[in-house]
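For reference, the structure is listed below as structure tokens.
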Amino acid sequence: MENIDFSQQLSQSFENMNDFFHEIASLLRDCDRLIGEEGYTTFNGNTAIYEQSRSLLNSEAWIPSYFCRAYALESEIDEKSPNEILFISLFLRYEGGCKDIIMNDNVPLIVCGIIIPHNPKSFKFEGWLSKRWFWVENPEENNILNDDISKPRIYEIPSGHYNNSKCIITFAYPLEKVKSTIELKEHIIQRLVDFAR
């Protein structure tokens, strides 16, 4: 009887995880579609997960902490030299896989931004670049959830730092406030595209 209960519990756990990841994928596909309507296309193919552990010594990071999509103008993708990379990341937890970021309120966030490469032809996107919003001089003051998180943060980066990036502009928005495609377009996609113009 105990084996049956264990099997049922395990099966339910996997079903719950699959449902959860299906919802995440659906949200990210909505982002792809909406930003595609603005002339952008994915820069990182179907990739959405970065920095996931496979180590027995880091099992808390087996489940991703964040998911990220990157975009560039379709014309610049064809030339393989995007002048700016837009990204949308879903940060779900700040312990485990994201040990290098600090968030005072453990609330899932959508972090968006624009990366201006030093050299567009040699730029290579990595998911950790989307964590720049969290790396501030005084995280105790700057990463508290309040009305200011949607205000853009602009970072001019010394040459050679942050993976061939010259400048990163980011803003954040609480994931729980995005309850429809209309809100996703208004609060995330439109703001991100407006910053890029």
For the stretch 124-145, give me each residue that is at pLDDT 80 or above and either hydrophobic (A, V, I, L, M, F, W, C) or in a helix (DSSP H, G or I) (or both).
125, 127, 128, 129, 130, 131, 132, 133, 134
Can we say residue 33 is within 22 Å of residue 177 (Cα to Cα) and not hydrophobic (A, V, I, L, M, F, W, C)?
yes
Exactly one condition in (1) touching a Gly at 6+ places or on another chain (Cβ under 9 Å); (2) of a type in the set (Asp, Glu); (3) farther than 22 Å from residue 21 by Cβ is not met by residue 100; state its number.
(1)
Taking the stretch 166-197 and keeping only residues that are farther than 13 Å from residue 110 by Cα and in contact with a strand residue (DSSP E or B) (Cβ under 8 Å, 6 or more places away or on another chain), one is left with 166, 167, 168, 169, 193, 195, 196
Boolean, residue 121 is more than 12 Å from residue 43 (Cβ to Cβ) and either at pLDDT below 80 or not in a helix (DSSP H, G or I) (or both)
no
Return yes or no: is residue 33 basic (Lys, Arg), over 15 Å from the mean Cα position of the chain (by Cα) and closer than 30 Å to residue 75 by Cα?
yes
Could you list all residues from the stretch 40-74 that are assigned to a loop (DSSP other than H, G, I, E, B), more than 13 Å from the chain's Cα centre (by Cα) and surrounded by 12 or more Cβ atoms within 10 Å (Cβ to Cβ)?
43, 52, 53, 62, 63
Before we move on, is residue 155 modelled with pLDDT under 85 and aromatic (Phe, Trp, Tyr)?
yes
Apart from one, (1) among the acidic types (Asp, Glu); (2) in contact (Cβ under 8 Å) with a residue 60 or more places away in the chain; (3) farther than 18 Å from residue 170 by Cα; (4) in contact with a strand residue (DSSP E or B) (Cβ under 8 Å, 6 or more places away or on another chain) all hold for residue 84; the odd one out is (3)
Is it the case, given these coordinates, that residue 165 is small (Gly, Ala, Ser), over 30 Å from residue 57 (Cβ atoms) and either in contact with a Cys (Cβ under 9 Å, 6 or more places away or on another chain) or at pLDDT below 85 (or both)?
yes
Filtering the stretch 27-39 for residues that are touching a strand residue (DSSP E or B) at 6+ places or on another chain (Cβ under 8 Å), part of a loop (DSSP other than H, G, I, E, B) and of a type in the set (D, E, K, R) leaves a count of 0
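The values are calculated or read from the model by the stated rules, or taken from the named source; none is laboratory data. Remember, predicted model here, so these are calculated numbers, not experimental data. Counting neighbours? That spans all protein chains shown, and the Cβs are built from the backbone with ideal geometry, glycine included.
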